[in-house]
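J.: Mind having a look at this structure? Questions to follow.
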Amino acid sequence: MRTYPFPFSAIVDNEDIKLGLIVNAIDSNIGGLLITGPKGIAKSTMVRALSSILPEVKAVKGCRFHCDPDGDLCDECLEARKKGELKTENMKIRIINLPNSTTLDRVVGSLDISHAIKGESVLREGLIGEANRGILYIDEVNLLDDSIVDSILDSAASGINIVEREGVSYTHPARFILVGTMNPEEGELRPQLLDRFGISVEGKMPESPEKLLDIADRVEEFDSDRESFIEKFRAPDREIQLKIVNARKLLPYVKIKREYRVFVADLVIKNSLSNRAMISTVKTAKAIAAYYGRTEVNEDDLKKALQFALNHRMKEKGKSRPDYNFNDPGNNGDNTGDNQEQDSASNQPTPQDQKNHETGKNGKEKQEKQQKQKENRESTVHNLEVDTGKKIETKKSGRSGRAKQFRHRGRKSGTYMDIRHSLLNTWSSGFRMINEKTIVMKDSYSKGSIPFIIAIDSSRSMNFSSRIEIAREFSDMLLKKLYIMRSRVALIKFAGERSEVLMNFSRNFTALKNIIDNISSGGKTPLYDALENIYKLSSYEKLKTVSLLVTDGRGNVFPGNARENLMEISKKIKPLSSMYIIDKNDNKFLPTYNGIISSYAGAKIINNIENIKIN
């Protein structure tokens, strides 16, 4: 079946995405392109369109990795060249789609089971091998397992893929154009992985009705007569293709002024960015200059390269884009922060002042308070652990007794052949070779992510401000850990007559923190309804959740008898969620329902967040 990709030059708007794709096609060593933005802005369409306009490349005929005869070769091609049997052919650029459901074995390559049962050790190439000399496209890269993304980025940066799987050791070229897309609303990418993308571009929706109408008209024309529409844009597409071919030839001769290099280096250091930021900026600036037929990078080329290479890195650092002052490299950092630090430093007491203060009455009281807090932390430390996997027991060194730990297996991510047990099974069964009857298969599990539910009591009561402050402080501490763990978080607020799910399970921690910071108070305390929502959210999940209930437990909205209602819902929650109640109850004489929830839901009550240790 013949496919008709949408012409590259016919795509309306988002010129930065198109330029980002082109510069990666000119120099694949830039490190790939990360496209962010909402759904429906033609991200996938642009990637497919790019593959149709890229010029054909010369490849070794019959090679499964499409090796470049004038570049790096795989083992089979090296052997063929020694024998003088290396043949070449022209090959169209292929686009390899990497689905979110893929496994690590499928990505990097693994043992070919059809050969293994015959006693032969043969590599089955993965998607990285198939993408060599082509485009590897990952839609929703932020939803992939980190181990898979890490392996892909390693190969993209080094240009080779090293396979060490089930007794197979193999190395092959892996030079491809890496393109990843993500919608930040569906979850963020870890900073370590974000930095490894060479450049990033943010896609946007059309800003005017005229552009939106133009898009709709072109899509309608394309659907009605694809061949005529493609022919209409063949000349502009051919022009872009020629510019890419010429840019590749011109790239080795493109120069960048030393003062521009110094400027970029100063900017990277001032903003505490990585070495990759410097390298990606220089490579991108040269590729942009080459695309426009220049042998020297100009100011516009460098500005665009800085935008591409630093956008995602500055956001990850929580910094805004600086004003680029090419004439004064020393003033490209965060000047406001520097001035604040200087003002703050000038107002700081001297070491002698601090010493005199500490020896006084206030200093003594402060030291006593710190010592008391330290003793409390040592005596009552709550470990947030989740019973979602295989339970093991380990003895703590230097202490008597045993501490329970829990291993979280995560979700099933595929099946692989266990060579060791297959060989043992073959030998014990009296066979000389592995066959269908003696193969032992095992399930592989990704690290997975534990789903968390945060429920905050925002009803108006005497200690509302204290409760919300605790919720914000603890949420900040927790979200940093969950961000690294790649966990998904849901947020519930309860006040008035009912509770409300402000955010369903998501990895968008920036939006989550903003919601928590802006929670307002009001009304009664619908504690039962909040527990109902915790139960509903937990029942939809395959894994056992962790729920954090921030409340003083003084509920006053119930459908029936308060005690019976709470006992019933708590029993339903217990098998689905490990619950923790954070309750800074300053007045111990006021009634609270937290004890009932704790008894029937198996929840732990925590009165001091300083005593919490997140594992």
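J.: Mind counting the residues in region 245-258 that are open to solvent by 50 Å² or more (accessible area, probe 1.4 Å) and touching a residue at least 12 places away in the same chain (Cβ under 8 Å)?
T.: Applying the first criterion (open to solvent by 50 Å² or more (accessible area, probe 1.4 Å)) to region 245-258 yields 246, 248-249, 252-253, 255, 257-258.
Filter again for touching a residue at least 12 places away in the same chain (Cβ under 8 Å), leaving 246, 248, 253, 255, 257.
So the answer is 5.
J.: Give the residues of region 538-557 that are open to solvent by 10 Å² or more (accessible area, probe 1.4 Å), in contact (Cβ under 8 Å) with a residue 40 or more places away in the chain and over 24 Å from residue 590 (Cβ atoms), sorted by residue number.
T.: Selection gives 541, 542, 543, 544.
J.: Mind counting the residues in region 13-44 that are modelled with pLDDT under 90 and over 23 Å from the mean Cα position of the chain (by Cα)?
T.: Qualifying residue count for the region: 2.
J.: How many residues does region 458-473 contain that are assigned to a helix (DSSP H, G or I), modelled with pLDDT under 75 and surrounded by fewer than 19 Cβ atoms within 10 Å (Cβ to Cβ)?
T.: 3
J.: If you don't mind, another one. All but one of (1) farther than 16 Å from residue 262 by Cβ; (2) open to solvent by 40 Å² or more (accessible area, probe 1.4 Å); (3) under 21 Å from the mean Cα position of the chain (by Cα) hold for residue 308, so report the exception by its number.
T.: Of (1) farther than 16 Å from residue 262 by Cβ; (2) open to solvent by 40 Å² or more (accessible area, probe 1.4 Å); (3) under 21 Å from the mean Cα position of the chain (by Cα), only one is false for residue 308: (2).
J.: Give the residues of region 293-305 that are surrounded by fewer than 21 Cβ atoms within 10 Å (Cβ to Cβ) and either in the same structural domain as residue 197 (by the TED database) or touching a residue at least 12 places away in the same chain (Cβ under 8 Å) (or both), sorted by residue number.
T.: Taking region 293-305 and keeping what is surrounded by fewer than 21 Cβ atoms within 10 Å (Cβ to Cβ), we get 293-296, 298-300, 303-304.
Once the filter is applied, which keeps residues that are surrounded by fewer than 21 Cβ atoms within 10 Å (Cβ to Cβ) and either in the same structural domain as residue 197 (by the TED database) or touching a residue at least 12 places away in the same chain (Cβ under 8 Å) (or both), region 293-305 yields 293, 294, 295, 296, 299, 303, 304.
J.: Looking at region 499-531 only, could you name the residues that are buried (at least 19 other Cβ atoms within 10 Å of the Cβ) and of a type in the set (D, E, K, R)?
T.: Correct list: 507, 529.
J.: Can you tell me which residues in region 489-498 are outside any loop (DSSP other than H, G, I, E, B) and open to solvent by less than 30 Å² (accessible area, probe 1.4 Å)? Show your work before the answer.
T.: Taking region 489-498 as the starting set, the residues that turn out to be outside any loop (DSSP other than H, G, I, E, B) are 489-495, 498.
Passing the criteria: 489, 490, 491, 492, 494, 495.
J.: If I filter region 13-22 for residues that are in a helix (DSSP H, G or I) and surrounded by fewer than 17 Cβ atoms within 10 Å (Cβ to Cβ), do I get at least one hit? Talk me through it step by step, then tell me what you get.
T.: Let us first name the residues in region 13-22 that are in a helix (DSSP H, G or I), namely 15-22.
Retained after the next criterion (residues that are surrounded by fewer than 17 Cβ atoms within 10 Å (Cβ to Cβ)): 15.
Yes, region 13-22 has at least one match.
J.: Of these, 201, 264, which one is at pLDDT below 95, over 30 Å from residue 145 (Cα atoms) and buried (at least 19 other Cβ atoms within 10 Å of the Cβ)? Working first, answer last.
T.: Numbers: 201 fails: over 30 Å from residue 145 (Cα atoms).
Only one candidate qualifies: 264.
J.: Do we find a residue being modelled with pLDDT of 90 or more, over 30 Å from residue 234 (Cβ atoms) and not assigned by the TED database to the domain that holds residue 185 anywhere in region 87-95?
T.: yes
J.: Does region 176-183 contain at least one residue that is open to solvent by 30 Å² or more (accessible area, probe 1.4 Å) and either within 27 Å of residue 15 (Cα to Cα) or touching a strand residue (DSSP E or B) at 6+ places or on another chain (Cβ under 8 Å) (or both)? Step through it out loud before you land on a result.
T.: Of the residues in region 176-183, the ones open to solvent by 30 Å² or more (accessible area, probe 1.4 Å) are none.
Within region 176-183 (the criterion being open to solvent by 30 Å² or more (accessible area, probe 1.4 Å) and either within 27 Å of residue 15 (Cα to Cα) or touching a strand residue (DSSP E or B) at 6+ places or on another chain (Cβ under 8 Å) (or both)), the answer is no, since none of the residues qualifies.
J.: Could you figure out which of (1) open to solvent by 10 Å² or more (accessible area, probe 1.4 Å); (2) closer than 28 Å to residue 143 by Cα isn't true of residue 109?
T.: Looking at each condition in turn, residue 109 falls short on (1).
J.: Tell me which residues, restricted to region 558-576, are touching a residue at least 24 places away in the same chain (Cβ under 8 Å) and either farther than 28 Å from residue 450 by Cβ or in a helix (DSSP H, G or I) (or both).
T.: 558, 559, 562, 563, 565, 566, 567, 569, 570, 571, 572, 573
J.: Further question: Considering only region 75-96, state which residues are part of a strand (DSSP E or B) and either open to solvent by less than 90 Å² (accessible area, probe 1.4 Å) or free of Cβ contacts under 8 Å to residues at least 24 places away in the same chain (or both). Show your work before the answer.
T.: Narrowing region 75-96 to residues part of a strand (DSSP E or B): 88-91, 95-96.
Within region 75-96, 88, 89, 91, 95, 96 meet the criteria.
J.: Can you report the number of residues in region 256-285 which are touching a strand residue (DSSP E or B) at 6+ places or on another chain (Cβ under 8 Å) and under 21 Å from residue 24 (Cβ atoms)?
T.: Filtering region 256-285 for residues touching a strand residue (DSSP E or B) at 6+ places or on another chain (Cβ under 8 Å) gives 256-257, 280, 284.
Restricting the remaining residues to those that are under 21 Å from residue 24 (Cβ atoms) gives 256, 280, 284.
Within region 256-285, residues that are touching a strand residue (DSSP E or B) at 6+ places or on another chain (Cβ under 8 Å) and under 21 Å from residue 24 (Cβ atoms) number 3.
J.: Mind listing whichever residues of region 30-48 are buried (at least 21 other Cβ atoms within 10 Å of the Cβ) and on the phi > 0 side of the Ramachandran plot?
T.: 31, 32
J.: Now a separate question. Here are 267, 273, 242: which of them is assigned to a helix (DSSP H, G or I) and either in contact with a Cys (Cβ under 6 Å, 6 or more places away or on another chain) or touching a residue at least 12 places away in the same chain (Cβ under 8 Å) (or both)?
T.: Details: 273 fails: assigned to a helix (DSSP H, G or I); 242 fails: either in contact with a Cys (Cβ under 6 Å, 6 or more places away or on another chain) or touching a residue at least 12 places away in the same chain (Cβ under 8 Å) (or both).
None of the others qualify; the one that does is 267.
J.: Output the residues belonging to region 49-68 that are modelled with pLDDT under 90, open to solvent by less than 40 Å² (accessible area, probe 1.4 Å) and over 32 Å from the mean Cα position of the chain (by Cα).
T.: Answer for region 49-68, where residues must be modelled with pLDDT under 90, open to solvent by less than 40 Å² (accessible area, probe 1.4 Å) and over 32 Å from the mean Cα position of the chain (by Cα): 55, 57.
The values are calculated or read from the model by the stated rules, or taken from the named source; none is laboratory data. Here the structure is a predicted model, which means the values were calculated and not measured. Note that we place each Cβ from the backbone using ideal geometry, even for glycine, and neighbour counts take in every protein chain shown. SASA here: full protein model, heavy atoms, side chains in, ligands and nucleic acids out. Shrake-Rupley method; radii C 1.70, N 1.55, O 1.52, S 1.80 Å.
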